[in-house]
Amino acid sequence: VSFLAPLYLLLGGAVAVPLLIHLLRRRIGLRVEFPAARYLARAERENSRTLKIRNLLLMLLRIMALLAIVVAAARPVARWLGAGHAPTAVAILIDNSLSSSAVVNGRPLLDQFKAMARDVVSSATSADRLWLVTIDGHVRGGAASLLRDEINRLEPIAGAGDPATALTRAATVVRGAGLEARQIALLTDGQRSEWDKLPSIGDAQLLLYAPSAPPPSNRAVVLAEARPIRWTPRGTVAARILSRDSTTYRVSLNGRTFARGTAAPNEEVIIRAAPPERGWVAGTVEIEADELAADNVRYFATWIGAAPAVAVSPGVGPFIKDAIDVLRGSERVTNGNDIGVIGGDELTSLPALITAPIDPVKLGAANRALERAGVPWRFGERRTGDASVRGTGFDGVTTAVRYDLVAQAGAVAETLAVVGRDAWIVAGPRYVLIGSPLSPDATNFPVRASFVPWLGAVLTERLVGEPGQVLMAAPGAQLPRPRWADAMETSTGQRTPLGETLDLPGLAGTYFLTRGDRRVGAVVVNPPPTESVLDRYTASELRDRFQTSRTLVTSDRATWQATAFRGASRRSLIEPALLLALAMLIVEAIVIGARGRRAA
Amino acid sequence: MDLPDVERAMRGLRAAGHDVTVLHIMDPAERDLPSSGEALFVDPESELAVAASMADVRVAYKTTVDEVIGEWRSMFGSLGIGYEIVSTDAPFGVPLRRAFALRQLLP
């Protein structure tokens with residue numbers, strides 16, 4: 001037993017009052033003439049023993065009543081006795097990840113979590129401190145009524161959230177409350193993929209609710225991807241359905257369904273298309289709704305345009321010309337002047353695939369042409385000798401002659417291939433620059449099997465149309481700001497200027513990136529596929545995973561409510577102390593009343 | 001007055017051939033203590049002072065008074081002396097008539 005307000009124990013001196021009354025009661029000022037005083041003296045003499053016992057009993061009852069009141073004022077608490085709970089800092093952590101929107105017994109699991117969270121808030125006293133922490137790590141604190149409103153407004157997020165951060169923040173706020181009793185009340189479905197790695201939560205007690213029922217079977221679209229990102233205008237959509245049986249799917253672009261089919265469990269299906277849409281468009285792959293509807297649709301984005309018209313400069317050599325003829329034969333490119341494939345010394349405009357000049361004498365002219373075209377790179381020192389090229393799709397590629405690619409001020413580019421530590425191919429807005437002439441005596445790249453596919457990808461994905469990309473991210477993620485965009489379109493079509501970072505919405509969907517008035521790319525926000533796997537930890541497995549010695553696990557709502565606050569704190573003895581005082585006063589009244597009745 | 005002193009005097013009177021009837025005049029407050037409170041009760045004749053709480057001793061006091069009256073009645077009865085309580089809050093004729101009617105029955 002300990003006291004939260006021990007100074008009030010000083011009031012215990014008040015027990016002297018009934019003691020003094022008892023001892024000093026014979027000092028009576030009222031004097032009454034009473035001729036039968038002798039009878040009174042005799043009565044007292046003959047009943048002195050009974051009177052002394054009764055007076056002593058009354059004195060003891062009064063002292064005990066006073067002591068009980070004093071103890072109550074000192075706010076005693078004990079771990080195993082008492083009623084209610086001592087002031088407790090409680091962080092209610094609700095797992096509102098996507099999986100919590102699964103419908104169980106006719107209603108979303110999150111609704112049950114919210115009701116149980118409201119139970120906890122209702123059990124709080126004014127001395128408690130409360131916070132609501134959601135699985136994405138957001139923390140709200142305040143009065144019970146405020147938190148109740150926050151709980152009512154809570155919606156499932158489109159992803160898995162960040163359980164480790166949420167737990168860490170919950171532990172931090174309860175630790176900073178300055179109260180001895182600290183508890184994190186966690187409501188979760190116990191999804192295995194979610195509670196993989198957990199932080200330490202210090203000495204706060206963890207009260208954990210996890211349902212004991214098995215999760216509902218779930219079907220989900222776990223892959224929806226445009227391949228390639230730029231369709232000219234042909235392309236494919238790759239999709240995969242998580243399911244225990246065959247599932248029908250529907251693929252749409254800008255809301256128009258263009259393909260339907262049936263996919264076997266976990267089979268990657270490829271849907272080929274040459275749609276009439278043009279520009280940056282949003283697409284979806286959907287299946288029939290089930291208990292977890294949020295993952296029954298998955299988003300993708302693609303750029304669709306006509307096959308680029310390519311002009312090949314004679315100066316780049318016969319190998320590129322032959323490769324372009326192959327691409328033209330497969331209708332991936334056409335003849336025209338949209339994109340130039342050209343030696344650096346002949347460069348006049350962008351977009352262009354630029355090679356180093358075959359003749360070293362033309363190096364100066366090439367660098368001047370690069371400067372005029374606004375390409376922030378220059379050809380540097382000429383290097384000879386066989387060297388291996390490294391980069392995706394460059395296996396076995398070597399160079400015999402190459403020039404250093406020297407970045408100029410403000411150069412922002414993606415390095416596609418390197419030789420040693422030097423860039424060999426770089427790509428920037430509307431240009432791809434190669435550090436060697438594409439002739440067999442300079443590099444074996446033009447004669448490698450990977451050359452034509454690489455050339456086709458460069459022309460139809462990097463240089464076609466406006467520069468831009470498709471970014472993939474989880475809901476609520478924060479990405480570095482893409483320098484080729486200055487705003488993001490919301491789902492309602494409004495444009496939000498980008499800041500230093502690209503803060504993504506919490507809802508899944510396709511969000512277009514714009515530059516000026518034009519769409520230049522998109523961010524596709526989808527939940528992580530692992531969130532669709534609803535396998536759960538059992539309650540005991542979850543307890544073992546949390547690194548705290550004080551973990552209470554339950555799958556019962558009544559136990560949850562009864563254990564909230566109480567489990568973490570010692571219970572208050574105020575009520576028992578006051579009841580004891582009341583009992584003493586009642587007994588005193590009975591003793592006095594019995595004496596009065598006998599006298600009557 | 002102490003009972004032995006009174007008994008000795010009464011025996012003398014009876015030995016001298018007197019018929020004696022004792023009228024014990026009592027105030028109701030002497031039969032039943034005042035209503036409540038604590039006080040120092042002082043006998044103005046003997047200066048005997050007793051501090052008491054009415055509630056504490058009321059029952060015991062009434063019992064004691066009844067015992068004392070019984071002692072008086074027993075002692076006077078053994079001497080052939082009539083004994084009657086005369087309460088000051090009632091007409092005294094009634095107890096007098098009863099006392100002397102009883103007196104007629106005594107030897």
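A:Pro480 passes every criterion in (1) at pLDDT 90 or above; (2) surrounded by fewer than 16 Cβ atoms within 10 Å (Cβ to Cβ); (3) in contact with a Gly (Cβ under 7 Å, 6 or more places away or on another chain) apart from (3).
For A:Ser491, the test of being under 30 Å from A:Leu187 (Cα atoms) and at pLDDT below 80 is failed. Looking at (1) at pLDDT below 95; (2) within 32 Å of the chain's Cα centre (by Cα); (3) among the basic types (Lys, Arg), find the lone condition where A:Arg272 falls short. The one condition A:Arg272 does not meet is (2). Would you check which residues across region A:240-287 are outside any strand (DSSP E or B) and of a type in the set (A, V, I, L, M, F, W, C) and list them? Residues satisfying the conditions are A:Ala264, A:Ala274.
Please specify each residue of region A:41-52 satisfying the condition of being of a type in the set (A, V, I, L, M) and at pLDDT below 85. A:Ala43, A:Leu51 - these are the residues of region A:41-52 that are of a type in the set (A, V, I, L, M) and at pLDDT below 85. All conditions in (1) touching a helix residue (DSSP H, G or I) at 6+ places or on another chain (Cβ under 7 Å); (2) under 21 Å from A:Trp454 (Cβ atoms); (3) open to solvent by 20 Å² or more (accessible area, probe 1.4 Å) hold for A:Glu346, with the sole exception of (2). Screening A:Ala213, A:Ala185, A:Ala239 for residues that are buried (at least 21 other Cβ atoms within 10 Å of the Cβ) and touching a residue at least 60 places away in the same chain (Cβ under 8 Å) leaves exactly one candidate, A:Ala185.
For A:Ala581, indicate whether it is surrounded by 14 or more Cβ atoms within 10 Å (Cβ to Cβ), under 30 Å from A:Val15 (Cα atoms) and at pLDDT 90 or above. Considered against the rule, which asks whether it is surrounded by 14 or more Cβ atoms within 10 Å (Cβ to Cβ), under 30 Å from A:Val15 (Cα atoms) and at pLDDT 90 or above, A:Ala581 comes out as yes. Reported count of residues in region A:151-168, each being out of contact with any Leu (no Cβ under 9 Å at 6 or more places or on another chain) and either within 17 Å of A:Tyr537 (Cα to Cα) or of a type outside the set (Ser, Thr, Tyr) (or both), is 3. Among the residues making up region A:533-563, those that are assigned to a loop (DSSP other than H, G, I, E, B) and at pLDDT 80 or above are A:Val533, A:Leu534, A:Asp535, A:Tyr537, A:Thr538, A:Ser555, A:Asp556.
In this structure, A:Leu507 does not qualify as more than 30 Å from A:Arg219 (Cα to Cα) and either part of a strand (DSSP E or B) or not aromatic (Phe, Trp, Tyr) (or both).
If you filter region A:142-160 down to residues that are in contact (Cβ under 8 Å) with a residue 24 or more places away in the chain and open to solvent by 40 Å² or more (accessible area, probe 1.4 Å), you find that the one that is nearest to A:Arg192 (Cα to Cα) is A:Pro156.
Okay, residues lined up against (1) more than 14 Å from chain B (Cβ to nearest Cβ); (2) assigned to a helix (DSSP H, G or I); (3) within 30 Å of A:Val15 (Cβ to Cβ); (4) not aromatic (Phe, Trp, Tyr):
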position: A:Leu57; (1), (2), (3), (4): no, yes, yes, yes
position: A:Asp119; (1), (2), (3), (4): yes, yes, no, yes
position: A:Glu150; (1), (2), (3), (4): yes, yes, no, yes
position: A:Glu155; (1), (2), (3), (4): yes, no, no, yes
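Scanning region B:32-53 for residues that are in contact with a Phe, Trp or Tyr (Cβ under 9 Å, 6 or more places away or on another chain), of a type outside the set (A, V, I, L, M, F, W, C) and at pLDDT below 85 gives B:Asp32, B:Pro34. For region B:53-62, the set of residues classified as more than 7 Å from chain A (Cβ to nearest Cβ) and either closer than 15 Å to A:Val32 by Cβ or part of a loop (DSSP other than H, G, I, E, B) (or both) consists of B:Ser53, B:Met54, listed by residue number.
Pairs are defined by a Cβ separation below 6 Å, a sequence spacing of at least 6 or placement on different chains, a first member in region A:249-269 that is of a type in the set (A, V, I, L, M), and a second member that is open to solvent by 70 Å² or more (accessible area, probe 1.4 Å) and modelled with pLDDT under 95; the pairs so defined are A:Ala264/A:Ser246. Against the conditions (1) within 18 Å of A:Ala562 (Cα to Cα); (2) among the small types (Gly, Ala, Ser); (3) in contact with a strand residue (DSSP E or B) (Cβ under 8 Å, 6 or more places away or on another chain), A:Ser97 satisfies every one except (1). Considering only residues that are part of a strand (DSSP E or B) and open to solvent by 10 Å² or more (accessible area, probe 1.4 Å), look in region A:225-234 and name the one that is nearest to A:Thr530 (Cα to Cα). Top of the filtered list is A:Glu225. Has region B:63-86 got at least one residue that is away from chain A (no Cβ under 14 Å), charged (D, E, K, R) and not in a helix (DSSP H, G or I)? Scanning region B:63-86 turns up at least one residue that is away from chain A (no Cβ under 14 Å), charged (D, E, K, R) and not in a helix (DSSP H, G or I). Strands (runs of 3 or more DSSP E) fully within region A:352-436 that include at least 2 residues being within 25 Å of A:Lys321 (Cβ to Cβ), in contact (Cβ under 8 Å) with a residue 24 or more places away in the chain and among the hydroxyl-bearing types (Ser, Thr, Tyr): A:398-407. Here the condition is being surrounded by 17 or more Cβ atoms within 10 Å (Cβ to Cβ), aliphatic (A, V, I, L, M) and more than 22 Å from A:Ala158 (Cα to Cα); of A:Ala294, A:Ala273, A:Ala282, it holds for A:Ala273 alone. Which ones in region B:53-71 are open to solvent by 20 Å² or more (accessible area, probe 1.4 Å) and either under 16 Å from B:Asp2 (Cβ atoms) or not β-branched (Val, Ile, Thr) (or both)? B:Ala55, B:Arg58, B:Lys62, B:Asp66, B:Glu67, B:Gly70, B:Glu71, listed by residue number. Within region A:517-558, being closer than 30 Å to A:Trp303 by Cβ and either in contact with a helix residue (DSSP H, G or I) (Cβ under 6 Å, 6 or more places away or on another chain) or open to solvent by 60 Å² or more (accessible area, probe 1.4 Å) (or both) holds for A:Asp517, A:Arg518, A:Arg519, A:Pro527, A:Thr530, A:Glu531, A:Ser532. If you go through region A:20-40 and pick out every residue that is at pLDDT below 80 and surrounded by 14 or more Cβ atoms within 10 Å (Cβ to Cβ), you end up with 3. All of B:Gly82, B:Gly93, B:Gly70 fail the test of being over 16 Å from the mean Cα position of the chain (by Cα) and not aliphatic (A, V, I, L, M), apart from B:Gly93.
Scanning region A:325-339 for any residue that is among the acidic types (Asp, Glu) and under 30 Å from A:Arg481 (Cβ atoms) turns up at least one such residue.
For region B:5-52, taking the residues that are within 19 Å of A:Tyr39 (Cα to Cα) and more than 14 Å from chain A (Cβ to nearest Cβ), the one that is most open to solvent (accessible area, probe 1.4 Å) is identified as B:Leu23.
A:Gly456 passes every criterion in (1) without any contact (Cβ under 8 Å) to a residue 40 or more places away in the chain; (2) over 26 Å from A:Gly137 (Cβ atoms); (3) surrounded by 17 or more Cβ atoms within 10 Å (Cβ to Cβ) apart from (1). Based on this model, can you work out whether A:Thr415 counts as out of contact with any Cys (no Cβ under 6 Å at 6 or more places or on another chain) and modelled with pLDDT of 90 or more? Yes.
The values are calculated or read from the model by the stated rules, or taken from the named source; none is laboratory data. Quantities reported herein were computed from a predicted structural model and do not represent experimental measurements. All Cβ positions, glycine included, derive from the backbone under ideal geometry; neighbour counts span all protein chains shown. Just the protein is used for accessible areas: all its heavy atoms, side chains included, with ligands, DNA and RNA removed. Shrake-Rupley method; radii C 1.70, N 1.55, O 1.52, S 1.80 Å.
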